[in-house]
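Below you'll find the structure, written out as structure tokens, and then a few comments.
The values are calculated or read from the model by the stated rules, or taken from the named source; none is laboratory data. Since this is a predicted model, take the numbers as computed values, not measurements. Heads up, the Cβs are rebuilt from the backbone with ideal geometry, glycines too, and the neighbour counts pull from every protein chain shown. Only protein heavy atoms, including side chains, enter the accessible area calculation; ligands, DNA and RNA are left aside. Shrake-Rupley method; radii C 1.70, N 1.55, O 1.52, S 1.80 Å.
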Amino acid sequence: MSSEQKEVPDFKQGVPEREIVVMPQAPTMEKSLISMMVVDPTNIISHCISEGMTEDFFYVPAHRILWNIFRERYESNKPVDMPSVAQELEDSKQLVSVGGHAGLVEIFSFATSTALFHHHFDIVREKYLRRSLIMAANEITAYGHSDATEIVTALDNSEQAVMRVRQSSVGANTWSLKADLMQALTNMERLISEDVDMLGIPTGYPLLDRKINGLKGGDLFVIAARPSMGKTSFLLNIVEHLALEVKKPVLVFSCEMPSVQLVERLLYARSGVSRQKFARQKSQISRESMKRFNIAFKEYNNSKLVIDDTAAISISELRAKARRVRKEHPDLCAIGIDYLQLMRSHTKQAQNSREREIAEISGGLKSLAKELNLPIIVLAQLNRSAETRTGKSKGVPMMSDLRESGAIEQDADMIGLLYRSAYYSEDDEERAEKGDEAKLILAKNRNGPTGDIPLYFRAELMRFEPREETEGEEA
């Protein structure tokens, strides 16, 4: 054959057929499980339910139908015998779908023992999980091809699709009275022990900790105030305590301020040296002040504080980042957000209504707190209603002052309202008398008492400190 001649493919042999892709399945093992349910309904069906089995575990349609009937009869305390099942299938016109009477007899007589139940169950669940993984991949591919879905929403939905498969792999979370009773007993024993006076993580404010029993996993704690009341400072004071005293990782989302400004405020507050002092005295800063600042720098440098300063972050993006940080730091103890009204939701419903958007955000934060089993502290802005009040009530916030308050009030486990009376004083004498007094009004506490938390506000350090109640002040 010359160099100019080319080999011509021989089509007489035919084109190889495309390989047919079959979804992962184990029909024989499915039939075995269904048959074992007839042998010992009480133990086998109850175990399957406790392991989170659904009809999706079964690939064969006939097995899905039988599982649903078996489960319904078990939960209704009805016998799972062939005549009763056959009659129910016939009444619902599904007998043909399971192979008629002959198919039913074959399934009922297939297994004679339950000795290999766990082995067969594991195989069926593995095939189900593999199918779920393929379906999740198809779902993610569809998100990638769809231009109608916002990319942030598509990423969040894709992540959730994979997480659903992961959650299915560990079985269902079944409620147990015995387990809850033992946990309650353990909690009580911890409370009466000498070294523990709360179940949650301390905030650094003893009276607040006693009222809310510390920060606990799943809690959504809303701290609200008018501008310039010190919301960010109060959050950072709690973050400081968690990161440096409790020595646990903390995640902070700052929608308003750049991360470097938050870090500066943390350093000045921790060192006890104001930024103004550094600016005014410059070269005259004392050696002691520099020493305290350097100690604060080293403490934060050794901490596991994580700050994300994405502006106008969406609830979907926040969820994705929180999950990622939790994976990197399994001992993450809390999440702080500054602040709720600066967040966004990109769903179509949220675009048409600000109230709906806030509802999606607050509901999403509560769901995230439960999902990660972490306390979430979120700041919120109050409307101007407090400033229109007169007399002693001037400026005093109420829970109804929350902007788009309906959803926030409903989703929050605790709501604290920051108030500094000197801010609303009308003359210098009154302002001097009230000085740096402040308080956190605990307006909602789902699992404990409400009331006021007396505080001092050190404006030069942006720090809130506990204080004793003054005479005539409400406890």
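Take the residues in the range 109-144 that are of a type outside the set (Ser, Thr, Tyr) and outside any helix (DSSP H, G or I), then tell me which one is farthest from residue 63 (Cα to Cα).
Filtering first and then ranking leaves 115.
Take the residues of the range 245-265 that are assigned to a helix (DSSP H, G or I) and open to solvent by 10 Å² or more (accessible area, probe 1.4 Å): which is modelled with the highest pLDDT?
245
What number of residues within the range 269-284 are at pLDDT 85 or above and either open to solvent by 40 Å² or more (accessible area, probe 1.4 Å) or not in a helix (DSSP H, G or I) (or both)?
Residues that pass the stated criteria total 1.
Which residue is farthest from residue 220 (Cα to Cα), if the candidates are limited to the range 301-354 and must be without any contact (Cβ under 8 Å) to a residue 60 or more places away in the chain and among the small types (Gly, Ala, Ser)?
Only one residue tops the list, namely 353.
Could you say whether any residue in the range 35-51 is open to solvent by 10 Å² or more (accessible area, probe 1.4 Å), within 34 Å of the chain's Cα centre (by Cα) and within 21 Å of residue 95 (Cβ to Cβ)?
No, that holds for no residue.
Is it true that some residue in the range 98-107 is assigned to a loop (DSSP other than H, G, I, E, B) and over 30 Å from residue 313 (Cβ atoms)? So that I can check it myself, show each step before the final result.
Kept after step one, since they are assigned to a loop (DSSP other than H, G, I, E, B), are these residues of the range 98-107: 99.
From what is left, the residues that are over 30 Å from residue 313 (Cβ atoms) are 99.
Within the range 98-107, one or more residues are assigned to a loop (DSSP other than H, G, I, E, B) and over 30 Å from residue 313 (Cβ atoms).
Please verify whether residue 327 is among the charged types (D, E, K, R) and under 19 Å from the mean Cα position of the chain (by Cα), treating the condition exactly as stated.
Taking the combined requirement at face value, the residue satisfies it.
Within the range 78-97, which residues are free of Cβ contacts under 8 Å to residues at least 24 places away in the same chain, part of a helix (DSSP H, G or I) and not hydrophobic (A, V, I, L, M, F, W, C)?
Across the range 78-97, the qualifying residues are 83, 84, 87, 88, 90, 91.
Cβ-Cβ under 9 Å, sequence separation 6+ or interchain: first residue in the range 453-465 and assigned to a strand (DSSP E or B), partner among the acidic types (Asp, Glu) and open to solvent by 70 Å² or more (accessible area, probe 1.4 Å). Which pairs?
Once the first residue is assigned to a strand (DSSP E or B) and sits in the range 453-465, its partners that are among the acidic types (Asp, Glu) and open to solvent by 70 Å² or more (accessible area, probe 1.4 Å) give 454/468; 454/469.
From the list 161, 154, which residue is at pLDDT below 85, open to solvent by less than 20 Å² (accessible area, probe 1.4 Å), over 30 Å from residue 460 (Cβ atoms) and more than 18 Å from the chain's Cα centre (by Cα)?
None of the other options fit; the residue is 154.
Taking the condition in a helix (DSSP H, G or I) and either at pLDDT 85 or above or under 30 Å from residue 244 (Cβ atoms) (or both), does residue 363 pass?
Yes; evaluated as a whole, the condition is true for this residue.
Being touching a Leu at 6+ places or on another chain (Cβ under 8 Å) and part of a loop (DSSP other than H, G, I, E, B) is true for just one of 316, 303. Which residue is that?
Working: 316 fails: part of a loop (DSSP other than H, G, I, E, B).
One residue alone meets the criteria, 303.
Can you name the residue in the range 373-402 that is farther than 30 Å from residue 329 by Cα and part of a loop (DSSP other than H, G, I, E, B) and is also farthest from the chain's Cα centre (by Cα) among such residues?
390
Please find, within the range 32-53, the residue that is nearest to residue 83 (Cα to Cα) out of those that are part of a loop (DSSP other than H, G, I, E, B) and at pLDDT below 85.
Kept after step one, since they are part of a loop (DSSP other than H, G, I, E, B), are these residues of the range 32-53: 40, 51-53.
If we keep only those that are at pLDDT below 85 too, we end up with 51-53.
Details: 51: 28, 52: 28, 53: 25 Å.
By that ranking, first place goes to 53.
Tell me, please, whether a residue that is over 17 Å from the mean Cα position of the chain (by Cα) and open to solvent by less than 20 Å² (accessible area, probe 1.4 Å) can be found in the range 362-371.
Looking through the range 362-371, none of the residues is over 17 Å from the mean Cα position of the chain (by Cα) and open to solvent by less than 20 Å² (accessible area, probe 1.4 Å).
Can you name the residue in the range 428-475 that is farther than 30 Å from residue 264 by Cβ, open to solvent by less than 70 Å² (accessible area, probe 1.4 Å) and at pLDDT below 75 and is also nearest to the chain's Cα centre (by Cα) among such residues?
Here the residue is 473.
State all residues of the range 216-243 that are closer than 16 Å to residue 412 by Cα, touching a Lys or Arg at 6+ places or on another chain (Cβ under 9 Å) and surrounded by fewer than 23 Cβ atoms within 10 Å (Cβ to Cβ); if no residue qualifies, say none.
217, 218, listed by residue number.
When the range 207-218 is examined, which residues are found to be within 26 Å of the chain's Cα centre (by Cα) and either at pLDDT below 70 or within 22 Å of residue 443 (Cβ to Cβ) (or both)?
Across the range 207-218, the qualifying residues are 208, 209, 210, 211, 212, 213, 214, 215, 216, 218.
What is the residue count in the range 91-104 for residues that are open to solvent by 50 Å² or more (accessible area, probe 1.4 Å) and out of contact with any helix residue (DSSP H, G or I) (no Cβ under 7 Å at 6 or more places or on another chain)?
Of the residues in the range 91-104, 5 are open to solvent by 50 Å² or more (accessible area, probe 1.4 Å) and out of contact with any helix residue (DSSP H, G or I) (no Cβ under 7 Å at 6 or more places or on another chain).
Residue by residue, here is whether (1) open to solvent by 20 Å² or more (accessible area, probe 1.4 Å); (2) over 30 Å from residue 166 (Cβ atoms); (3) touching a strand residue (DSSP E or B) at 6+ places or on another chain (Cβ under 7 Å) holds:
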| site | (1), (2), (3) |
| --- | --- |
| 63 | no, no, no |
| 73 | yes, yes, no |
| 78 | yes, yes, no |
| 84 | yes, yes, no |
| 116 | yes, no, no |
| 119 | yes, no, no |
| 123 | yes, no, no |
